[in-house]
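Reviewing the structure listed below.
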Amino acid sequence: AYEGLHKNCYELLTNNYKQHLKESTQEHIFGLVLSKYEYAQKLGLPLFEDKINLERLPVKTIVQLAHSDVLAIREHLKSYFENNIDAINKALEEALLIFNSSWEDIITWGCVYFEKHIKPERWTVDVLLYACDHTKTEVQHFGRKMITQHFSEDKG
């Protein structure tokens, strides 16, 4: 271990093994963009943008991107959600896992998105309780707001 090790590895891989990077698997690419190391993220972002088609992945896999330190990756997540409202409605319980992100931009955006795009019949008691019982205060407030909008006596 030495100062600059990650930078040296990044340069080695991008200069000498660029053709082999294109053979990276989805798991490997997700590992890079979800890494806490800057140079792993820098290595993963172009691979992600070149090789990953979010349209072919389950929502459960896509929501993992909410944890990425890379803003561009989180923007891809948001774009997928905006362009696939029906898929998100069908997989609402899995989609709500984006609220487990530590990124404020995801939490704030998610509250607006779910309020605007989720059909009333998708807000089951379990889903509403998940939001209300969340560890994050913002999500709890969002859950309470959704209860006032979607809870009815027949769900009581």
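The values are calculated or read from the model by the stated rules, or taken from the named source; none is laboratory data. Quick caveat, the model's predicted, so the values are computed rather than measured. As a convention, Cβ positions derive from the backbone with ideal geometry for all residues, glycine included, and neighbour counts pool all protein chains shown. Quick note on the areas: whole protein, heavy atoms, side chains included, nothing else; ligands and nucleic acids left out. Shrake-Rupley method; radii C 1.70, N 1.55, O 1.52, S 1.80 Å.
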*Please give the per residue accessible area of the chain, computed with a probe of 1.4 Å over protein heavy atoms only, in Å².*
59 Å²
*asked:* Using helices alone, I'd like the mean residue ellipticity at 222 nm for the chain: each DSSP H run of four-plus residues gives -39500 (n - 2.57), total over residue count, nearest 500.
replied: -18500 deg cm²/dmol
*How big is Rg to Rh over the range 101-156, alpha-carbon atoms, Rh as the Kirkwood inverse-mean-distance radius?*
0.97
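Using 0.36 nm per residue of separation minus the Cα-Cα distance, give me the extension gain between residue 22 and residue 100 in nm, one decimal.
Details: separation 78, 0.36 × 78 = 28.08 nm, distance 3.07 nm.
Fully extending the segment from residue 22 to residue 100 adds 25.0 nm.
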*Reported label for calculated Cα extents along the principal axes in Å given [x] 53, 38, 25; [y] 76, 38, 32; [z] 65, 31, 18*: [z]
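For the pair residue 124 and residue 82, what calculated FRET efficiency results from E = 1/(1 + (r/R0)^6), where r is the Cβ-Cβ distance and R0 = 30 Å, to the nearest 0.05?
On the way: r = 23 Å, r/R0 = 0.77.
Computed FRET efficiency for residue 82 and residue 124 comes out at 0.85.
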*In terms of the Cα gyration tensor, with a ≥ b ≥ c the square roots of its eigenvalues, is the range 76-129 rounded because a/c is under 1.5, prolate because a/b exceeds b/c, or oblate?*
oblate
*Would you work out what percent of the accessible area of the chain, with all protein chains in place, is carbon or sulfur (probe 1.4 Å)?*
52 percent
*Gaussian network model of the chain, springs between alpha carbon atoms under 10 Å - residue of 130, 37, 80 with greatest fluctuation*: 37
*From a point 7 Å beyond the Cα of residue 75 in the direction of its Cβ, which residues of the range 30-53 have a backbone N at a distance under 18 Å?*
33-34, 41-53
*Near residue 18, which lysines are there with a Cα under 21 Å away, not counting those fewer than 8 places off in the same chain?*
7, 42, 51
*Under Karplus coefficients 6.51, -1.76 and 1.60, residue-wise ³J(HN,Hα) of the range 128-134 in Hz, glycine/proline x*: 4, 5, 4, 5, 5, 8, 5
*Could you let me know the centre-to-centre spacing of the range 1-38 and the range 99-156, using Cα atoms, in angstrom?*
37 Å
